[in-house]
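Written out below as structure tokens is the structure these notes cover.
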Amino acid sequence: MKKIIFIILLWTSFQLHASTEIPFDFNWKFSRGDYPESIRQNFDDTNWRILNLPHDWSIEENYDSTANEGSWQNGYLAGGIAWYRKSFSWQEEWKGKEIHILFDGIYMNSTVWINGLLLGNRPYGYIGFSYDLTPYLQEGENILTVKVDHSKALSSRWYTGSGIYRHVRLLVSDQVHIPVWGIYFTTPECSEKKAEACIRTTVINKSTVSEKILLRTQLKTRDGIRIASTEKETTLAAGSEQEITQQITVARPHRWSPEKPTLYVLESTVETNGKTRDSRKQFVGFRKIEYSPSGFFLNNEPIRIKGVCDHHTGGALGAAVPDQALERKIKILKAMGCNAIRTAHNPFSPEFYTICDTMGLIVMDEAFDGWDKTKTRDDYGNYFDAWWERDLTDMILRDRNHPCIFFWSIGNEVRKGTPERQKQLVDLIHRLDPTRPVSQGGTDPTRGMKTNYDANFRFLDIVGFNGNGEEVGELEMFHQNMPERCGIGTEIPHTYQTRGVYRTKTAWRRRDFPAPWEKPESWKEYKNKVFDNPDLSETEVFPEEAAHPYYQSSYDNAAVRINARKSWQRSSSFPWFFGEFRWGSFDYLGESEWPQRTRNQGIIDLCGFPKDHYYLYQSLWSAQSMVHILPHWTHPGKEGISIPVVIYTNCESVELFLNGKSMGKQTYKGEQLMWQVPYQEGEIKAIARNGNKIVVQKIQKTAGKANSIQIQADRYTAHANQTDVIHFELDITDCLGTMCPYADNEIRFNITGPARLIGVDNGDPVDLSPYRAPSRKAFRGKVLLILQTTDKPGKVVVEASSPGLKNTMTTINILP
């Protein structure tokens, strides 16, 4: 898998880019604060910090309850204004060429100058954009200057990051070339026997003479075998552009699916008089999607969306997520049985879609959170009228060749949205890409779209349900009123968990831990809308957890309206309802009340450590045989007290043993299994069977006194490229190697060799320690350390120590 992902990340350098691409991430100068206009060109920046991109300055700050005016919505890490500058030399081979700069994402309100001359401004922080540098470059040194204005930091309802937080590339092309995002690949016919592909390629002639061109398009396997090709000649007048349409036929294509994400390489070459003027390579795939009230179909087979909503950030790394850290996130989700991701609530980086193409994750690509009415004072709603068409167009043109994208989404719980605006957005997408359905997250009355079925849903291809879709009777009422329409859970369900924390009494958000906008007294009317979720015991088995009011139970018993099990039972039972994107995937920063940094709604914590819900979804979504026990089996002082032991499995039956004694066997019927087990120290074991055959088993052991630190890396070789990332998972264990689930020892790191610390974390929602300090307290026995390589080869030695514990160390080889 590592080799496959390495190939993916190499291929992203070819996707939709000019024939010569120069990585432009390294050796930028950076400074916080505002400066006079002279900074654009003649300015002494010798004392500025030198850094590499991607970069997020907010994640480097300390948490402050007053930051961003103390807003609970977008975190407590400061925004502000900052500047970036990069000097680069003119190259002789650029003479007569077209030079563009491509930014994959700057948050937010960026202004860019070259040699003191204004190139432009983009307020939206989530979409890539390019500028033509050609008329402004000069022989010798050139200076690119970028101002990022995040001073109005109430710009979102979650942590956004600040800065040039995605990749930057310099694109060098001939005067006759294919522009950025200038190729559109569709498959009008795609069956097991034959696929017809239509390729629309835009070619530009920036020269002063007419050019007779040959466009050659080839389709190859990933190992370079050509399977189809076509050519077309045309004449381009000076200063003109033309879209050229070509068709190719492929016999018995290997079609793309989450189980078999087969990709092909599309090569597009522009020639004049036998000379290559431009050449592009990109991944493409063949697949056929269809939907109706009878179901959603991929390649003529029914499929359910087993999805999650994900934010673009990466925990301790903030918004500047290195490619390998992004890869790790997606691999964790894929291993859970997840087959789909909704980009909540904005476009993601180009690398994200390429990794999903290759690993087999369906994507709902979402353009905006809201529209022209702001949700937070400084958000994109202030710019929507002027910019939505440009930004939405760029998103569709950039992303529409990715086979992983099945749906477009135009918004999320839009405040005071109107059907007229909805129609504008849908119509634009249908013009740019009529091959995919358009949805919208949460077309419900909670944000001002009144419950008028015809007006709310008239223009959407598939209706998206957020919180209201979790309520008793809501889906049935919708189908009764609109039996010809299809729906999907765009944000269903909303549940809460804190890794390693357990409570046996059911908690409802509005009743027990209300959000800032909810009044506890409203529970009396609201409680009839939620689905029953019985307590696991008459009295609370873990009353000591009441000392942690910001933590939630890792049983499936802390939710907004419905638990995860009941939600999937409903999402998978209606043919017209295609599945769900649950909220959320990983815990994310922001949308939390001080002193929390996150609201605990992920099935995976900020470190990427799975919570128990991860294994619940694995039992529901994965074909891999599995069994999981919760809670852990270290409960001092609870001897003889009955503890609810819950088993998640996808096998036919499970037998539970306590210290070798059978506690009984239960048959799996699509629900969790539960035993009431009087606690005693030792070992609890679950044996899962299909028929009489033991398929898989799981053991939980009682931990003794904390004794040692165990460390495990996700790779033991990396490269001296300044981009490779290594994740280290550290567990505090007893003398026998059993993880101590209550350990909170502080672990210190000593790192020697060619790597730098870029993140430490523990997943604790209320630990506000800085992310780049060389130490961290364990939370529920675990800590995460993240390093990134430099440009030097050698050995990296990581030593982890804590008073009273045995130290540990590991070595990573950094190759040239």
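Some values worked out for this structure:
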{"item": "Failed condition for M395, given (1) under 19 Å from S156 (Cα atoms); (2) of a type in the set (A, V, I, L, M); (3) out of contact with any Lys or Arg (no Cβ under 7 Å at 6 or more places or on another chain)", "result": "(1)"}
{"item": "Failed criterion for L215 (all others in (1) touching a Lys or Arg at 6+ places or on another chain (Cβ under 9 Å); (2) under 30 Å from G337 (Cα atoms); (3) surrounded by 13 or more Cβ atoms within 10 Å (Cβ to Cβ) hold)", "result": "(2)"}
{"item": "Some residue of region 129-152 being in contact with a Pro (Cβ under 7 Å, 6 or more places away or on another chain), modelled with pLDDT of 95 or more and open to solvent by less than 30 Å² (accessible area, probe 1.4 Å)", "result": "no"}
{"item": "Within region 500-521, considering residues that are closer than 23 Å to H632 by Cβ and touching a helix residue (DSSP H, G or I) at 6+ places or on another chain (Cβ under 8 Å), the one most open to solvent (accessible area, probe 1.4 Å)", "result": "R503"}
{"item": "E92 in contact with a helix residue (DSSP H, G or I) (Cβ under 9 Å, 6 or more places away or on another chain), open to solvent by 40 Å² or more (accessible area, probe 1.4 Å) and not small (G, A, S)", "result": "no"}
{"item": "Filter result for E189 (within 35 Å of the chain's Cα centre (by Cα) and free of Cβ contacts under 8 Å to residues at least 40 places away in the same chain)", "result": "yes"}
{"item": "Tally, over region 560-583, of residues that are surrounded by fewer than 24 Cβ atoms within 10 Å (Cβ to Cβ) and either at pLDDT below 95 or aliphatic (A, V, I, L, M) (or both)", "result": "2"}
{"item": "Residue, farthest from I603 (Cα to Cα), within region 745-761, restricted to residues that are open to solvent by 40 Å² or more (accessible area, probe 1.4 Å) and in a strand (DSSP E or B)", "result": "T752"}
{"item": "Residue in region 41-50 that is open to solvent by 40 Å² or more (accessible area, probe 1.4 Å), under 24 Å from I758 (Cβ atoms), part of a strand (DSSP E or B) and at pLDDT 95 or above present", "result": "yes"}
{"item": "Test: residue in region 720-729 that is within 23 Å of the chain's Cα centre (by Cα), closer than 20 Å to I604 by Cβ, open to solvent by 20 Å² or more (accessible area, probe 1.4 Å) and touching a residue at least 60 places away in the same chain (Cβ under 8 Å)", "result": "yes"}
{"item": "Members of region 173-198 found to be under 19 Å from W94 (Cα atoms) and open to solvent by 20 Å² or more (accessible area, probe 1.4 Å), listed by number", "result": "Q175, P179, V180"}
{"item": "Subset of region 522-559 (residues that are surrounded by 14 or more Cβ atoms within 10 Å (Cβ to Cβ), within 30 Å of G295 (Cα to Cα) and of a type in the set (D, E))", "result": "D556"}
{"item": "Residue count, region 267-294 (criterion: in a strand (DSSP E or B) and closer than 19 Å to D433 by Cα)", "result": "6"}
{"item": "Top-ranked residue in region 659-710 [being of a type in the set (V, I, T) and open to solvent by less than 50 Å² (accessible area, probe 1.4 Å); ranked as farthest from M809 (Cα to Cα)]", "result": "V677"}
{"item": "Which listed residue, of D791, D764, is among the charged types (D, E, K, R), part of a loop (DSSP other than H, G, I, E, B) and under 22 Å from F586 (Cα atoms)", "result": "D764"}
{"item": "Conditions (1) at pLDDT 95 or above; (2) buried (at least 20 other Cβ atoms within 10 Å of the Cβ); (3) within 30 Å of P770 (Cα to Cα): number failed by Y63", "result": "(2)"}
{"item": "From R85, R49, R122, R40, residue being more than 31 Å from the chain's Cα centre (by Cα) and basic (K, R)", "result": "R40"}
{"item": "Hits in region 199-210 - residues which are open to solvent by 10 Å² or more (accessible area, probe 1.4 Å) and assigned to a strand (DSSP E or B)", "result": "R200, T202, I204"}
{"item": "Per-region count, region 617-662, residues in contact (Cβ under 8 Å) with a residue 12 or more places away in the chain and within 22 Å of T539 (Cα to Cα)", "result": "17"}
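The values are calculated or read from the model by the stated rules, or taken from the named source; none is laboratory data. Predicted model only: the values in this text are computed from it and were never measured. Glycine also receives a Cβ, built like all others from the backbone with ideal geometry; neighbour counts cover every protein chain displayed. Surface areas here come from the heavy atoms of the whole protein model, side chains and all, with no ligands, DNA or RNA. Shrake-Rupley method; radii C 1.70, N 1.55, O 1.52, S 1.80 Å.
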